[in-house]
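Below is one structure; the comments refer to it alone.
Values in this text are rule-based calculations from the coordinates and carry no lab data. Every value quoted in this text rests on a predicted model; they were computed, and no experiment measured them. Counting neighbours? That spans all protein chains shown, and the Cβs are built from the backbone with ideal geometry, glycine included.
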Amino acid sequence: MTSTIDPATIGKANRARRHVRTLTGYLPETDASGKEQWPKGDEKVWRAGTRGLDTDVPSITKTFVNHVQTSLARQAYNLDNLGAYQAAALSVRDNLLVNWNETQMNYTRKAPKRAYYLSLEFLMGRTLDNAMLNLGLKDKYVEGVKKLGFSIEDILEQERDAALGNGGLGRLAACYLDSSASQELPVWGYGLRYKYGIFQQLISPEGNQLEAPDPWLDNQNPWELPRLDVSYEVRFYGSADRLNDGSGRSNWHGGQEVLAVAYDVMIPGYNTPTTNNLRLWESKPKRGFDLNSFNAGDYEHAVESSNSAAAITSVLYPNDHTSFGKELRLKQQYFWTAASLQDIIRRFKNLGKPITEFPDYAAIQLNDTHPTLAIPELMRVLIDDEDLDWGTAWQIVTNTFFYTNHTVLPEALEKWPVPLIEHVLPRHMQIIYDINLFFLQAVEKKFPDDRDRLSRMSLIEEGQPKQVRMAHLACIGSRKVNGVAELHSDLVQTTILKDFVEFEGVSKFGNVTNGITPRRWLDQCNPELSALISKTLKLDKNVWLKDLTKLEGLLPFAEDKKFRTEWAAIKQRNKERLAHHVQTTLGLTVRTDAMYDVQIKRLHEYKRQTLNILGVIHRYLTLKAMTTAERAKTNRRVVFFAGKAAPAYYIAKLTIRLIVNVARVINADPDTKDFLQLYFLPDYSVSLAEVLIPASDISQHISTAGTEASGTSNMKFCLNGGLLLGTVDGANIEIAEEVGESNVFFFGHLTPAVEDLRHQHLYHPVPIEEKCPALANVLNEVSKGLFGDGGVYEPLLNTVRHGDYYLLTDDFDSYIAALAMVDEAYLDTEEWIKKSIRTTAKMGKFSSDRAILEYAESYWNIEAIPVAAAK
Ligand code: 26V
């Protein structure tokens, strides 16, 4: 697909419009007639003089000091850690910028097919450490800042996380950007520049979650480049008048117009100059504020309209897995997809190709249904603006988009009320109805007189109000549809999109098992382990971090006693690092001579943190009933929880409260505190995960079978030598296939049993005392007030006693048995370390490099576009 085209023609109109010229002395040069001459083929000449800042330690300290004095306007003799962070960041950024420019120039020149990853969430975490590592400059910066009297650890701690996401879906997007750049693929991300990311979680003295805003941009953000010259208009409301000329076109006019302004975030690849772009849109009023109202003395109204424009990108919605039909969220989705599409189309048009070739140059990946409005929006542009007929437009659309489904939970499948779309996006509602009509006509043709099928498949769900089913729209508007782990992709095809598989054929549906970037999730968060691996494999880390299957070379070393000792010593130091973190942030002393047992993820009933905490209580009661001698023989365990609950999710918040109050009692009990400790670490984040994951011996991924699409932290724990305690769900299954079932602790019912069990609960309920006495006893202790006022927890306990939708009563006994097996296995230290080594060794499959290459090759049809080697 890659064809080198004459760069002089690229963006000609653009260049003229912006009056841009080439710096004298920088190619392309102008010839005697004043025409630009772009050398053909000679990369070195073409790139002459552009690349490469000096990166020796004296040069680094020099640019650091320059930034202190000029960019930050601060004095070199009274710099604090925050200032040092900013100077270091700006100096690292200089390098990124040079690479970023060169990468983008290279793409422009070669004009390959590109892929665009549309995601409402990018959970990037911190950037400085990652950027230094990807650039291969970390050691030099460590030395440089040390020479200047600072420590790199102190500097790194200053950075606030970019937390523009809720959880797995957003972090996956971040890992995919890292891998795209590392694999030199022409991929851009598109998202929103929320002023406030995911809320900060505070825990009240009673143990309740409180939410505070996350003003992450307060200290300035060195990693973004405002592109005030890149902006687009986006319309809302108004009316759409059909032209009635048989063309299907409409004139959409009136309403509110706002501006989308681009902010670019550089995404460095690992060990390559390729530096891709993440473009985030900020909303602004089209005009400062409504002058008419202002002049008429209506100041309030004038300010209001400007506020309402700014409100669009002000905050990330902190829900995942519950749809609620808020107008502002719909506006976010449209604002973002409309701006991104305008940008993508403009870039395509610069190539001077006919619009029918659009899908040959752009693949657009929809990260869940959130960007699905891009489908009717592209139809609108092609029909109303480009004058194409419906069939041609639909052909282009269905060759451009790709849809990834990330959940089969019914409450998380997006639906938008028809009246709301009609009000906010009147033209799009017309288009959706048209798509639906043509689609259902085709279904009718294939399955005549099957009305149930038509109503099941319709884009519109009947009811009060009618609702648009976004997953159906995403599915029929896309070239391919995939799930994120094998089991999940099967469930997509056999449950929520079954009818669509029957109608369109199974070849449209596929699976790309999720992955994680080993750069952040091993090299960066666990540098000692990374160094030991390089030493042992006798490979530079540049090699195995880009081909993670090389980790298999560790397998024979599981038998090597000396290696095992080193392996275990690193785990121990990581526990000490975590304990130190808890000590300094919370003032709590955590013992380090114990098994570390971790469950960190969003709080949700389907993820069953409740099962875990009830298991902890069971353990506590068991320990209490033992003699001192018996207790002394047990395995010491420290249990960590972290995670946020959606602010309106009452049951999830109650689970947090229970955990906090159980911790209070257990940790203070002299009988048991040497054997069982429990911590809820507030304000879970990417940075906190980076400290927790390397310290874990065992982590819990215990969702009801068939509910967790994939899970990705399971991969992170295993990559760091932690073992997995889990249900047969999501990516746990594929992890077990890789590492072998003997290295994973599985329990619980399997997916096919779930429906029957729920049926039993509903129609043949058995009292919990009969069905699961151990669990009944635990619930009673909570009710009786062992952890403070039992009445508070009744609504939570009742979800288990009655209905038990997530099947805790069915899985509790096998869960407790699995915990016992974990204890037994851990007491055999040498065997445990062997399992740990073997687990890491078999994690090659779960690199996000593998996943992104599957998307590139099997879906997007794009290839690597390397920046030529430095001269
Ligand atoms: C849905 C909704 C519904 C409307 C309100 C806001 C909102 C926000 C997010 C979502 C999508 C939830 C889907 C999701 O996050 N899935 C997670 O995706 C991970 C990456 O594939 C995967 O590892 C997790 O198992 C899956 O739960």
- Task: Multiply the residue gap between Thr627 and Glu304 by 0.36 nm, knock off their C-alpha separation, and tell me the result in nm, one decimal place.
- Result: 109.4 nm
- Task: Would you mind ranking Ser91, Ser783, Ser703, Ser323 so that the residue whose beta carbon has the fewest other beta carbons within 10 Å leads the list?
- Result: Ser783, Ser323, Ser703, Ser91
- Item | Relative contact order (%) - the chain, alpha-carbon pairs under 8 angstrom, separation at least six | 13
- Would you mind listing how long the chain runs along its three principal axes, going by Cα atoms, in whole Å with the largest first? 95, 75, 61
- Just how many % of Cα pairs in the range 724-770 lie over 13 Å apart, if you round to the nearest whole percent? 63
- Mind listing the phi-derived Karplus ³J(HN,Hα) values for the range 744-758, rounded to whole Hz, using 6.51, -1.76 and 1.60 with θ = phi - 60°, and x for any glycine or proline? 10, 9, 9, 7, x, 6, 8, 3, x, 7, 4, 4, 4, 4, 5
- Task: Within the range 441-471, which residues have the backbone N less than 19 Å from the label spot 7 Å out from Tyr433 along Cα→beta-carbon, could you tell me?
- Result: 441-442, 455, 458-470
- Task: Tell me what the chain gives for mean residue ellipticity at 222 nm when only DSSP H runs of n ≥ 4 count, each as -39,500 (n - 2.57), the sum divided by the residue total, rounded to 500 deg cm²/dmol.
- Result: -13500 deg cm²/dmol
- Query: Over the Cα atoms of the range 619-727, what Rg and Dmax result, in angstrom?
  - Reply: 15.7, 46
- Name the lysines eligible as straight-distance cross-link partners of Lys550: C-alpha to C-alpha under 24 Å, and not fewer than 8 places from it in the same chain. Lys138, Lys535, Lys538, Lys541, Lys561, Lys562, Lys571, Lys716, Lys834, Lys835, Lys842, Lys845
- Query: Quick one: if the Förster radius is 25 Å, what FRET efficiency do Lys445 and Thr495 give, using the C-beta to C-beta distance and rounding to 0.05?
  - Reply: 0.50
- Query: For the range 181-197 and the range 718-765, what is the separation of their Cα centres, given in Å?
  - Reply: 33
- Item | Contour minus Cα-Cα distance for Glu157 and Asn78 (0.36 nm per residue) | 26.5 nm
- Item | Per-selection metrics, the range 740-871 (Cα): Rg and Dmax in Å | 23.4, 76
- Cα centroid of the range 623-686 to Cα centroid of the range 407-436, whole Å: 44
- Tally the DSSP beta bridges in the chain and give the antiparallel ones as a percent, rounded to 5. 45
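Hey, got a sec? Which GluC sites (Glu not before Pro) in the range 418-517 land in a DSSP loop and have at most 16 other Cβ atoms within 10 Å?
Hits after loop and neighbour filter: Glu462.
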- Message: Quick check: pseudo-label points 7 Å beyond the Cα along Cα→Cβ at Asn219 and Asp245, how many nm apart are they?
- Response: 5.8
- Could you point to the residue in Ala84, Gly790, Val315 farthest towards the positive end of the chain's charge dipole, with +1 and -1 charges on the Cβ of Lys/Arg and Asp/Glu respectively? Ala84
- Query: lysines near Lys353 by alpha-carbon distance under 30 Å, same-chain residues fewer than 8 away left out - which ones?
  - Reply: Lys12, Lys35, Lys40, Lys44, Lys110, Lys113, Lys480, Lys508
- Neighbour-count ranking [beta-carbon atoms within 10 angstrom, fewest first] of Lys575, Lys562: Lys562, Lys575
- Query: Where a ≥ b ≥ c are the square roots of the eigenvalues of the C-alpha gyration tensor, would you call the range 521-846 rounded, which needs a/c under 1.5, or, failing that, prolate if a/b is larger than b/c, or oblate?
  - Reply: prolate
- Modelled FRET efficiency - R0 35 Å, Thr829 with Leu586, Cβ distances, 0.05 increments: 0.75
- Dipole magnitude of the chain about its Cα centre (Cβ charges: Lys, Arg +1; Asp, Glu -1), debye to nearest 20: 1960
- Query: Using the Cα gyration tensor of the range 105-219, with a ≥ b ≥ c the square roots of its eigenvalues, what is the shape: rounded (a/c below 1.5), prolate (a/b larger than b/c) or oblate (neither)?
  - Reply: oblate
- To the nearest Å, what is the center-to-center distance of the range 218-243 and the range 543-581, using C-alpha atoms only? 47
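Set the Förster radius R0 to 30 Å, insert the Cβ-Cβ distance between Asp389 and Asn861 as r into 1/(1 + (r/R0)^6), and round the FRET efficiency to 0.05.
0.75
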- Note on the structure: The size of the Cβ-based charge dipole (Lys, Arg +1; Asp, Glu -1) of the range 713-791 about the Cα centre, to the nearest 20 debye, is 220
- the range 521-846: relative contact order in percent, alpha carbon pairs under 8 Å with at least 6 residues between: 24
- Pairs beyond 28 Å (Cα-Cα), from Lys466/Lys498; Lys445/Lys466; Lys415/Lys771; Lys147/Lys195: Lys415/Lys771; Lys147/Lys195
- Item | Check: the range 521-846 dipole with +1 on Lys, Arg Cβ and -1 on Asp, Glu Cβ, in debye | 980
- Item | For Leu123, residues with placed amide H under 5 Å, excluding near neighbours | Arg171, Ala173, Ala174
- Taking H as built 1.01 Å from N, whose amide H comes closer than 5 Å to the amide H of Asn367, not counting residues under 5 places away? Leu118
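Normalised by the residues of the range 735-861, what does the relative contact order come to in percent, with Cα pairs under 8 Å and at least six apart? All intermediate terms of the calculation are to be shown ahead of the outcome.
Working: 66 pairs, mean separation 43.8, N = 127.
For the range 735-861, the relative contact order is 35 percent.
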- Item | the range 157-263 - Rg (one decimal) and Dmax (whole number), Cα, Å | 20.4, 67
- Query: Which one of Leu775, Met821, Leu373 is farthest out on the positive end of the charge dipole of the chain, using unit charges on Cβ (Lys, Arg +1; Asp, Glu -1) and the Cα centre as origin?
  - Reply: Leu373
